[in-house]
Amino acid sequence: MKRLLLITAFLPTVLYAQNPVIRDQFAADPTARVFNGKVYLFPSHDILQPKPMPQGMRENWFCMEDYHVFSSDDLIDWTDHGVIINQKEVPWGNPTAYSMWAPDCVERNGKYYFYFPDAPKSGMGFGIGVAIADKPEGPYKPVANNIEGVNGIDPCVLQASDGNAYLFWGAGRCAKLKDNMIEIADDTPKEKVKWGEREFEMMGVNCLKGLPSRQAEGPFAFEYNGNYYLTYPYVRTNTEVLGYAMSKNPMGPYEYKGLIMAEHADSCWTNHHSIINFKGQWYLFYHHNDYSPNDDKRRSVRIEKLYFNPDGTIKEVKPTMRGVGVNNALSRIDVDRYNTASKDVNTDFVDSSDTFKGWFAGLKQKGSYIVYNDVNFADVKNRAYAIATVRANKNTKFSIREKNAKGKVIAEFNVTVVTEGRFRRDYSGQWLAVTAPLKYIPSGVTDLCIVADQDAIDVDAVEFKNRIEYYSNATGASSQPDNDGFVRRWNVLEPIPLDINTNILFTDSYLAQILGDPKVQALIKTVPNDRQQVKYDSKTTLTWHKIESNFYNVKLFRFAEQYGTKIYGVIFPVTTVIECDDDMQGVRLMAGSNSASKWYLNGEEILTMSGDRRMVRDDCASKSITLRKGTNVLSGLIINGPGMSDFCVRFIDKNGNTVKNFKVK
Ligand code: FUB
């Protein structure tokens with residue numbers, strides 16, 4: 001047999017939660033299977049019809065040239081394992097038919113059998129082929145010929161507890177498979193069926209006999225609690241519903257029991273589904289044309305929970321935007337896929353020219369809300385913050401609350417829509433990322449409610465983020481410089497507020513005046529204890545904090561966020577102790593700071609870095625200094641206007657080598 005290259009792409013991609021679950025391409029007719037504790041999804045892959053259309057292709061019709069397989073551990077994040085079969089790789093298939101309709105995949109004796117319809121090279125209609133792999137994600141190798149005697153679409157294989165595998169396919173046929181899984185059993189009956197004037201010989205039995213079956217297709221059969229379920233789409237009025245029937249035998253006769261899902265409320269004619277039990281919960285996979293509202297031949301996969309009644313019948317499932325799965329609060333949450341909302345809320349595409357960019361929820365007035373369930377805060381730490389992607393036409397406020405519109409406030413946002421100012425753009429009606437610190441962290445899994453607290457606002461997504469730990473409290477008697485010689489242990493005083501909002505006035509004379517102020521100088525004369533307080537002036541008492549920076553540069557801006565009354569327009573006094581075993585002569589301090597700074601060794605000024613500046617390592621070298629044996633007090637005063645203040649400091653010797661043989665206390 002000719003060997004084929006079966007995998008044309010293998011580019012796992014992490015996708016996101018909510019309905020639809022596959023968010024970067026169309027995906028229809030979802031067959032989900034649980035293999036090795038994971039859910040594998042085998043959908044058909046709708047694409048736009050090629051232009052020009054191949055001869056014979058029906059306009060505005062289904063168009064599929066290949067299959068992808070996806071997997072997930074949690075029904076939230078889906079990995080795309082890429083294309084497993086392309087129409088050109090099917091030995092018996094027409095390579096330009098674009099007819100790779102609904103597939104299935106089952107595991108038997110350690111092999112994975114992928115069943116798929118395709119248009120045969122010769123002849124009319126559809127055949128059903130098999131491709132075999134050692135792993136669910138492939139590579140799959142197609143069998144040379146389609147299953148003999150089987151004409152039709154939408155294969156589904158039921159592996160019954162009687163030890164047999166049964167093939168179901170469109171139009172309600174069912175037949176036992178041989179053990180090799182690629183042929184129909186020899187004793188399979190045949191039946192003469194009339195379609196209009198024409199008579200056909202059909203393989204297997206008609207398992208839809210006596211059941212509502214107008215245009216029935218897409219069978220999905222499974223066994224649960226001693227019952228066999230034949231579930232299938234059919235047309236009840238004018239579009240498809242999902243219905244089901246039950247039997248004590250895999251091949252029937254089946255008795256109709258009712259609906260699993262009613263007609264789609266809007267324009268999607270087809271529905272197609274599968275049912276799995278994953279980690280003790282039943283799920284219905286189905287499709288809808290979410291990303292293609294004006295073309296129901298380009299569809300997307302959705303998931304809902306499914307429940308049985310005690311007598312084994314199935315409860316009807318209502319479609320939702322939210323879908324299933326517990327979202328980690330640290331991942332993007334598309335709250336526009338909400339569970340419930342106040343009446344005024346609408347949903348629309350963020351960009352109707354590219355629907356894959358998703359949706360937003362429009363909260364139309366003060367008090368409007370949306371509720372999004374099952375968000376897990378277990379990984380959210382103290383001092384976390386929330387980011388929301390929102391759009392408004394004027395300054396407004398909104399909040400994230402727990403459970404409902406009156407619930408405990410998790411975060412409150414002020415949205416500033418800048419519409420004027422010298423260098424500013426008009427941000428009204430633009431999508432903005434706004435942040436707010438968390439006021440309260442729910443424990444475990446909870447529902448989120450987004451509330452418009454002042455005015456109308458459009459909301460796309462929210463996400464919670466743990467702050468990066470930029471520094472920690474210094475512990476132990478001393479530390480070493482880091483591998484690159486940077487001094488990371490410092491006493492940092494809470495910032496001294498100043499009346500400045502610019503960095504451009506940091507001239508030498510200005511610094512001499514402001515940083516030379518005796519009140520400021522007094523702060524760095526001695527080495528403080530951790531948490532020691534100083535009265536800076538009649539209004540200001542400040543506290544020293546002994547910290548160990550987690551980065552080579554000390555992020556004063558982050559320190560001010562935590563401890564400052566002001567973040568910008570401040571002076572940061574810092575001191576540390578450099579303890580040496582011997583005198584070291586001809587050493588220089590190498591410093592970088594945002595913004596200007598002055599540096600002192602044992603009370604003597606050794607370096608001034610003036611002007612408006614960014615922190616750059618080794619930006620300036622001090623004059624030549626001596627680090628003496630024993631204790632040396634190194635101090636700095638860093639002044640900042642509106643910038644993100646930080647600094648870094650290390651020493652080099654007279655040969656330009658980094659000095660590291662000292663302790664920092
Ligand atoms: O995807 C093409 C066809 O549409 C499927 O085979 C049917 O089940 C319907 O969903």
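All of the numbers you see were taken from the coordinates with simple rules; none came from a lab. Source: prediction; values computed, not measured. No Cβ is skipped: glycine too gets one built from the backbone with ideal geometry, and neighbour counts run over all protein chains shown.
Lone cysteines in the chain, defined as no other cysteine's Cβ under 4.7 Å from theirs: which are they?
Cys63, Cys105, Cys156, Cys268, Cys449, Cys580, Cys620, Cys648
Under the rule a/c < 1.5 gives rounded, and otherwise a/b versus b/c splits prolate from oblate, where does region 327-465 land using the Cα gyration tensor?
prolate
Starting at the first residue of region 90-98, write each ³J(HN,Hα) from the Karplus equation 6.51 cos²θ - 1.76 cosθ + 1.60 with θ = phi - 60°, in whole Hz, x for Gly and Pro.
Couplings: 8, x, 9, x, 6, x, 10, 7, 6 Hz.
Provide the per-residue ³J(HN,Hα) series for region 44-56, in order, calculated from phi with Karplus coefficients 6.51, -1.76, 1.60 and θ = phi - 60°, each as a whole number of Hz, with x at glycine and proline positions.
7, 10, 5, 9, 6, 5, x, 10, x, 6, x, 4, x
Given contacts defined as C-alpha pairs under 8 Å and at least six residues apart, what's the relative contact order of region 252-374, whole-number percent?
It rounds to 17 percent for region 252-374.
Please state the relative contact order of the chain as a whole percent: Cα pairs under 8 Å, 6+ residues apart?
Here the relative contact order equals 9 percent.
Going highest first, how would you order 493-502, 442-451, 567-576 by mean Cβ packing within 10 Å?
Listed from highest to lowest mean packing, they are 567-576, 442-451, 493-502.
Could you state the principal axis extents of the C-alpha atoms in the chain, from the largest down, to the nearest angstrom?
106, 58, 53
Distances over 23 Å make up what percent of all Cα-Cα pairs in region 391-510?
Tail of the P(r) past 23 Å holds 60 percent of the pairs.
Once you wrap a convex hull around the alpha carbon atoms of region 539-584, what is its projected area averaged over all directions, in nm²?
If you wrap the Cα atoms of region 539-584 in a convex hull and average its projections, you get 5.0 nm².
What's the FRET efficiency of Asp508 with Thr340 using the Cβ-Cβ distance as r and R₀ = 56 Å, to the nearest 0.05?
0.35
In the calculated pair distance distribution of region 471-664, what percentage of Cα-Cα distances lie above 21 Å?
46 percent
Taking amide H positions as placed in the peptide plane 1.01 Å from N, state which residues far from Arg299 in sequence (5 or more) or on other chains have amide H under 5 Å from it.
Under 5 Å from the amide H of Arg299: Ala27, Asp46.
Taking a cut-off of 36 Å, what percent of all Cα-Cα pairs in region 13-306 are separated by more than that?
Distances greater than 36 Å cover 8 percent of the Cα pairs.
Would you list Ser342, Ser99 from fewest to most Cβ contacts within 10 Å?
Ascending Cβ contact count within 10 Å gives the list Ser342, Ser99.
What base-10 log of the normalised intensity I(q)/I(0) is obtained for region 97-158 from the Debye formula, alpha carbons as equal point scatterers, at q = 0.21, 0.30 Å⁻¹?
Normalising to I(0) and taking log10 leaves -0.79, -1.33.
Pairs Lys279/Lys315; Lys297/Lys364; Lys111/Lys176; Lys598/Lys623; Lys403/Lys465; Lys546/Lys566: which exceed 22 Å Cα-Cα?
Long pairs (Cα-Cα over 22 Å): Lys297/Lys364.
Work out from phi, with θ = phi - 60° and the Karplus expression 6.51 cos²θ - 1.76 cosθ + 1.60, the ³J(HN,Hα) of each residue of region 201-218, listed in order in whole Hz, and give x for Gly and Pro.
9, 10, 6, x, 10, 8, 7, 8, 3, x, 9, x, 8, 4, 6, 5, 7, x
According to the Kirkwood expression over distinct Cα-Cα pairs, how big is the hydrodynamic radius of region 259-378, in Å?
About 16.1 Å for region 259-378.
At R0 = 45 Å, how high is the FRET efficiency between Asp582 and Lys519 if r is their beta carbon distance? Nearest 0.05 is fine.
Efficiency at R0 = 45 Å is approximately 0.80.
May I ask for the distance between the Cα centers of region 602-665 and region 337-374, given as a whole number of Å?
A separation of 53 Å, based on Cα centres.
For the charge dipole of the chain, defined by +1 on Lys and Arg C-beta atoms and -1 on Asp and Glu C-beta atoms about the Cα centroid, which residue among Met181, Gly362, Pro437 has the Cα displaced farthest towards the positive pole?
It is Pro437, whose Cα lies furthest towards the positive end.
Defining a contact as two alpha carbons under 8 Å apart and six or more residues distant in sequence, what relative contact order in percent does region 471-664 show?
After rounding, I find 31 percent.
Can you tell me which of 550-557, 30-37, 192-199 comes out highest on packing, and rank the rest after it, using the mean Cβ neighbours within 10 Å?
Descending packing order for the listed peptides: 550-557, 30-37, 192-199.
Check the straight Cα-Cα distances from Lys257 and name the aspartates and glutamates below 19 Å, setting aside those fewer than 8 residues away within the same chain.
The qualifying aspartates and glutamates are Glu217, Glu223, Glu240, Asp311, Glu316.
Suppose every K and R has +1 on its Cβ and every D and E has -1 on its Cβ; what is the size of the dipole of the chain about the Cα centre, in Debye to the nearest 20?
1660 debye
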